[in-house]
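The values are calculated or read from the model by the stated rules, or taken from the named source; none is laboratory data. Source: prediction; values computed, not measured. Reconstructed Cβ throughout: ideal geometry from the backbone, glycine too, with neighbour counts over all protein chains shown.
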Amino acid sequence: MANDRTSLILRHPLTLMTALLAVWWLLPLGVKAFMRLTFWEFQAPSYYATSHLHDLQDYWAARVKSKNELIGANIDLARLNAAYSLRNQAAEATEAELQRLEELLDLPPLPEHRYEVARVVRRDMNAWWQRIIIRKGSVHGIREGQAVVFRDGVVGRVSEVYTYTAAVELITSREFRVAAHFAGDPRPVQFQGGLNASFHAPTGEVSTVPADKKASLTEPLELVSSRLGGVFPDGLHIGWVYQLEPGADGLFQSGLAKLDPELQSVQEVAVLIPLKPSEEPDIDALPPAR
Amino acid sequence: MKKRYQVLSLVIWNWVGLQIVTEINHYLSIWGLAVHLDMLWIVFAGVSLGKRVGLAYTFLFGILADAHLGGPHNLWLSIYVVAWGISCTARRVVQYDSPMQIRLFSVLLQALTLTFLAVALAGGQADTFAYWQRILIEGGISMSLMWLFSAPWFRLQHRLLLTLGWNPFDEKPGG
Amino acid sequence: MTVNQPEPDFYVKRLFLLYGIIALCMLILVGGLAQKQLFQKEDYVEHMERQNYRRIILPGPRGNIYDRNGKLLVGNRPLFSAVVYLNDLRQEFREEYIRIVREARAHYQTLDRLETNLVARQNVVQRYLDDINVILGTEDEVDSREIERHFSQSLLLPFPLMTDLSGEEYARLIEQIPIDSPIQILISSTRYYPYESAAFHTLGYVSSSEEFEIGDLPGGDLLTFRAPAWIGRTGLEKQFNDRLQGETGTEIWTVDPGGFQYDRVEYVQPRKGDDLVTSLDIDMQRAAESAMGDKTGAVVALDVKSGEVLTLASMPNFDLNRLTPFISYTVDEEIREKGGWINRAIQGLYPPASTFKLITSMAGLRNGTLHHDTVFNCPGYLRVGRRLFHCAHRAGHGDESLSDAIRDSCNVYFYHAGLDTGVEAIAAEAKRFGLNTPTGINIPGETSRMLVPDPKWKEDRLYESWFEGDTANLSIGQGYLLVTPLQMATFVTSVARGRTNTKPTLLHYPEGRPEDDIGGEAIDLPPEDMEAIYEGMIEAGNSGTARRANLDGFPAAGKTGTAQVRKDGKPTTLAWYVGFAPADDPQIAIAVMVEGVPDETHYGGGSTAAPVAREVFRVYHRKMEEKAEAEAAMRNQEVAAR
């Protein structure tokens, strides 16, 4: 009788559901984490496949272009290349000057990074979280917490690392907080992502801005990353601040930073992997992105 | 074919569906949009399958989705299991052979899920206009898509099982 | 077999009785409930609220203090702290407690429940502090007594793990501590002094306190916790504490029976206090302090027209930033050793020496015993009774008129003038100029022990008669006479204004200060008499003892003084300068006092104090010229625009 009653109770779907959730809840965290990891890795090949499918799409998109279009694109690229090689020379000269000054002032060298370029497998962005999955993982030296950048500045921070893939929490995520500063002003301010209306460029909140800073539509302030936080190198673009409002304490202002809309369609990023002092950055030695 | 393979086939079928939605969201992100069609994967199991089989399916699919989708750990597993519980309880009311009822029920369940997520995960954004605007836009699009696809997807799942030699509707309720 | 069965009626009766009793009980219960719900509801609601709600008082940030030109003298700087709300750690406390208990049981140990609770809390909080230690490379440890004190007294307030974080530490923590961590980075404010030690005594310092006015805020009857506020302890910070103190805000939280908060039901935002615009000119203040160097003394400069204090310096001074957020023992010791806590400008009492001769002159002129053309011969000394009173110029000045005597600071002339005039008249004149009462300046701590002696005072206090020698001494500002540098500054301002009194203020009146507030009445001496005094002071600046105070193009009228005193039982001198400038249209008046070093008597009014005044005059003059140039440029622009 008792058995029958038990099985009767268990037959009710809500009881079954509660029982299952309770059992799951009671399982040790390690077991659950292991299952999550396993199921991720189980699905990872499909991510790889999807990503390669994207590449294939790009390839065929290029194939259907006319020769004239391709020649035009090639000329544009050549111009860009020329411009970049000039800028590269200027950057090398600046770096040499910096190094000379650092030696002169006996400053410790700034932490160096190597760039691990990675394709974006999937963009997973909605009102609650903003992340991307990239096609590089722990075997490529990627670790949790590393900085991720793209051609227009800061992208985010590595939040989960798997063998051949990793999840990156985007700068547009509510959970993303970073120390930043305004270009030309080393005082740290706080940036937090998370205001992403549909059909608009993403925005984030800037706080602890010193009271003497002024921003306007015609003279916006550029928010860049700060090396003080220990994760990002200095000076990478985050966004533009067009308006600041004073806080009640009279000490600080806060405002909104408009981020780059490209963040929503990012296809390729670079993970900044800190170098050990003995290592030298070697861009040519980087594995190809695809 | 053993039932466990049939259930596995259903998991794979829906997982492909999930991948497609993920892929759509990948491209929609350019406009700051995402669609949420989670109940497509659950309603059939809740309304049509036997309780134990249905729950086993939901649990397996939940773990897969949890690893695949963002959000707090175990969020999707919990949501799917609860949604399954509700669907299963509602099977007395919801006629599996009535596309209209399946549509209505799926949209309702999806709306409940979105409302729960919107409130539970709002955090500091709860008092911002941008957040609720996005929720409304995404919710509206998701509900419309749900209305369009819930019944066909339901039928496709049924066909899949039929092809595999299993008609769950022939079984006694509670089997 | 038959059994005696009671009648059915019997049961029915019993049942009715039972029903009756139950009904009565129900009636009592319902009645009681109704009484509580309907009639005593408010009492119960209030009681429940008191039990379930807690109020946190949040002080508003203090207002800024500016100088008369809008330069920030005291502002707020952010104070970044890493804190945890112990409330958020409840679950972890419990888990840690269970872990400790289990571990002890495994080793067959018995534990004290209270002690174990303490250890559990300490372990958990230390774990979070260790997170910070890892990020910052520090090795801080939590103090279990602090946790307990916080737990019992201010559970609803954040528990500080690390305070006064640098910009870099702040940046590291916000970046590397997850947003959902119980560790939060809190920003509060503390006082900041951009000019560091300038106007140390005048501005004053603040200290943290939980004792402050909270005003009319909701939840007055609730159990209240107060976040500490900055309260002014000295100087302007204390005097204008009410104005500078921000409006307090409040948070009301519902709490569970353990006192842990779980929901904020009301929030009133604190507001920043009002700003204060002082009459100080920070450039002049710094010039004065810089000219004083490491000497001990005071400099007070006033705006002649308004009585606004332009400079109020007391030396030695110290960097005010070292006094916030708290005064360390070493800083306190350092200030104490150098005698830096005393505001010499308003608390230091000194004989005014020869600067007092101006009072003696006016007393004589008012009394008719002295005239603007009265001449006395100075052979270098004067015998009064059996004692020989010397002039500073031992060889003697020869025949001297009043203005000559002021220019040369001839003692013998004023011995004659004083003895002729008499102690009562001199004392009356000093009192007329308010030298026997505090000036009433709006800064706390002004002494009231200043002294203008007369025969009655001497008899009452020293049980001695007044001698002629005392009068001679008084005539040249020596003896028992004691005044503050501020008093001498207001005195010389009054002389420049032609009034008997000037009430100084540290507030700036951009639209002009009402004449009635400045105070005083006309000196009421014939113009030629006053002219003689002014002439003497101008000549002192041009070629006399006060010439080192003069600037080219900005002539001052001044009077120096050098008092013979004993400091730490050893003889030394006090150097004085009082004066105003420009001599023909007085704008600024100043008093400088420099304390000599024990056993060294080389400080003199002309050589030590006058150059300090010159540096203040220099800044004032430069600013006057700049202002005139700016006004001229503006006029030219306006003409060009027309």
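Selection of the stretch B:48-61 for residues being within 11 Å of chain A (Cβ to nearest Cβ) and either surrounded by fewer than 24 Cβ atoms within 10 Å (Cβ to Cβ) or within 19 Å of B:Met143 (Cα to Cα) (or both) yields B:Gly50, B:Lys51, B:Arg52, B:Leu55, B:Ala56, B:Phe59, B:Leu60.
Based on what the data block shows, is A:Val154 surrounded by 24 or more Cβ atoms within 10 Å (Cβ to Cβ), more than 10 Å from the chain's Cα centre (by Cα) and at negative phi? Judged against the criteria, A:Val154 is not a match.
Screening the stretch A:221-251 for residues that are of a type in the set (Asp, Glu) and part of a strand (DSSP E or B) and picking the one that is nearest to the other protein chains (Cβ to nearest Cβ) gives A:Glu245. Within the stretch B:26-40, being facing chain A (nearest Cβ under 7 Å) and either surrounded by 21 or more Cβ atoms within 10 Å (Cβ to Cβ) or not β-branched (Val, Ile, Thr) (or both) holds for B:His26, B:Ser29, B:Trp31, B:Gly32, B:Leu33, B:Ala34. Of all residues in the stretch C:142-181, those being within 14 Å of chain A (Cβ to nearest Cβ), crowded, with 16+ Cβ neighbours inside 10 Å and either of a type outside the set (S, T, N, Q) or assigned to a loop (DSSP other than H, G, I, E, B) (or both) number 11. Scanning the stretch A:197-220 for residues that are closer than 18 Å to C:Asp180 by Cα, within 10 Å of another protein chain (Cβ to nearest Cβ) and among the aromatic types (Phe, Trp, Tyr) turns up nothing. Of the residues making up the stretch A:49-59, those that are of a type in the set (Ser, Thr, Tyr) and more than 11 Å from chain B (Cβ to nearest Cβ) number 1.
I'd like to know if the stretch C:430-450 contains one or more residues that are among the charged types (D, E, K, R) and either closer than 28 Å to C:Pro379 by Cβ or more than 30 Å from the chain's Cα centre (by Cα) (or both).
No.
Out of the residues in the stretch B:95-134 that are at the interface with chain A (Cβ under 7 Å from one of its Cβ atoms) and outside any helix (DSSP H, G or I), state the one that is surrounded by the fewest Cβ atoms within 10 Å (Cβ to Cβ).
At the first step, the residues of the stretch B:95-134 found to be at the interface with chain A (Cβ under 7 Å from one of its Cβ atoms) are B:117, B:121, B:123-125, B:128, B:130-131, B:133-134.
This time we only want the ones that are outside any helix (DSSP H, G or I), so: B:121, B:128.
Values: B:Leu121: 18, B:Thr128: 16.
Filtering first and then ranking leaves B:Thr128.
Of all residues in the stretch C:405-415, at least one satisfies being of a type outside the set (A, V, I, L, M, F, W, C), part of a helix (DSSP H, G or I) and either more than 29 Å from C:Arg497 (Cβ to Cβ) or over 41 Å from the mean Cα position of the chain (by Cα) (or both). Taken over the stretch C:56-70, the residue count meeting the criterion of being among the charged types (D, E, K, R) and either within 14 Å of chain A (Cβ to nearest Cβ) or closer than 26 Å to C:Glu211 by Cα (or both) is 1.
Every residue, every condition in (1) in contact (Cβ under 8 Å) with a residue 24 or more places away in the chain; (2) of a type outside the set (Asp, Glu); (3) under 30 Å from B:Ile86 (Cβ atoms); (4) facing another protein chain (nearest Cβ under 10 Å), yes or no:
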residue: A:Met17; (1), (2), (3), (4): no, yes, yes, yes
residue: A:Trp24; (1), (2), (3), (4): no, yes, yes, yes
residue: A:Leu29; (1), (2), (3), (4): no, yes, yes, yes
residue: A:Met35; (1), (2), (3), (4): no, yes, yes, yes
residue: A:Tyr47; (1), (2), (3), (4): yes, yes, no, yes
residue: A:Ala61; (1), (2), (3), (4): no, yes, no, no
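So for the stretch C:396-404 (the condition being in a loop (DSSP other than H, G, I, E, B), touching a Gly at 6+ places or on another chain (Cβ under 6 Å) and surrounded by fewer than 20 Cβ atoms within 10 Å (Cβ to Cβ)), does at least one residue qualify? Within the stretch C:396-404, one or more residues are in a loop (DSSP other than H, G, I, E, B), touching a Gly at 6+ places or on another chain (Cβ under 6 Å) and surrounded by fewer than 20 Cβ atoms within 10 Å (Cβ to Cβ).
Flag: C:Thr505 does not match the condition of being farther than 23 Å from C:Ala313 by Cβ and assigned by TED's automatic domain parsing to the domain that holds C:Pro352. For A:Asp124, the requirement of being surrounded by fewer than 24 Cβ atoms within 10 Å (Cβ to Cβ) and either closer than 15 Å to A:Leu223 by Cα or within 14 Å of chain C (Cβ to nearest Cβ) (or both) is not met.
Would you be able to tell me the number of residues in the stretch A:168-196 that are at pLDDT 95 or above and within 8 Å of another protein chain (Cβ to nearest Cβ)? So the count comes out to 0.
Out of curiosity, is C:Ser189 touching a residue at least 12 places away in the same chain (Cβ under 8 Å), within 14 Å of another protein chain (Cβ to nearest Cβ), under 30 Å from C:Gly235 (Cα atoms) and among the small types (Gly, Ala, Ser)?
It is true that C:Ser189 is touching a residue at least 12 places away in the same chain (Cβ under 8 Å), within 14 Å of another protein chain (Cβ to nearest Cβ), under 30 Å from C:Gly235 (Cα atoms) and among the small types (Gly, Ala, Ser).
Number of residues in the stretch C:314-349 that are surrounded by 24 or more Cβ atoms within 10 Å (Cβ to Cβ), closer than 26 Å to C:Gly479 by Cα and touching a residue at least 40 places away in the same chain (Cβ under 8 Å) equals 5. The residues listed here are C:Ala489, C:Ala540, C:Ala546; of these, the one that is within 22 Å of C:Gly561 (Cβ to Cβ), modelled with pLDDT of 95 or more and surrounded by 20 or more Cβ atoms within 10 Å (Cβ to Cβ) is C:Ala489.
To keep it simple, each residue is scored yes or no on (1) free of Cβ contacts under 8 Å to residues at least 60 places away in the same chain; (2) assigned by TED's automatic domain parsing to the domain that holds C:Thr163; (3) of a type in the set (A, V, I, L, M, F, W, C).
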position	(1), (2), (3)
C:Asn64	no, yes, no
C:Asp67	no, yes, no
C:Val84	no, yes, yes
C:Gln109	yes, yes, no
C:Arg149	yes, yes, no
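Among the strands (runs of 3 or more DSSP E) confined to the stretch C:555-617, the ones with at least 1 residues that are buried (at least 24 other Cβ atoms within 10 Å of the Cβ), of a type in the set (D, E, K, R) and touching a strand residue (DSSP E or B) at 6+ places or on another chain (Cβ under 9 Å) are located at C:557-567.
Residues of the stretch C:401-414 that are farther than 20 Å from C:Gly604 by Cβ and either modelled with pLDDT of 95 or more or of a type outside the set (Gly, Ala, Ser) (or both): C:Leu402 alone.
Checked against the criterion of being among the aromatic types (Phe, Trp, Tyr), within 25 Å of A:Leu228 (Cα to Cα) and either over 45 Å from the mean Cα position of the chain (by Cα) or buried (at least 17 other Cβ atoms within 10 Å of the Cβ) (or both), the candidates C:Tyr97, C:Tyr108, C:Tyr128 yield just one match: C:Tyr128.
Can you name the residue in the stretch C:182-217 that is more than 17 Å from the chain's Cα centre (by Cα) and of a type in the set (Asp, Glu) and is also surrounded by the most Cβ atoms within 10 Å (Cβ to Cβ) among such residues? Here the answer is C:Glu210.
Checking each residue in the stretch C:261-288 for being in a helix (DSSP H, G or I) and either surrounded by fewer than 24 Cβ atoms within 10 Å (Cβ to Cβ) or small (Gly, Ala, Ser) (or both) picks out C:Ile282, C:Asp283, C:Arg286, C:Ala287, C:Ala288.
The residue that is farthest from C:Asp420 (Cα to Cα), among those in the stretch C:452-480 that are among the aliphatic types (A, V, I, L, M) and buried (at least 23 other Cβ atoms within 10 Å of the Cβ), is C:Val452.
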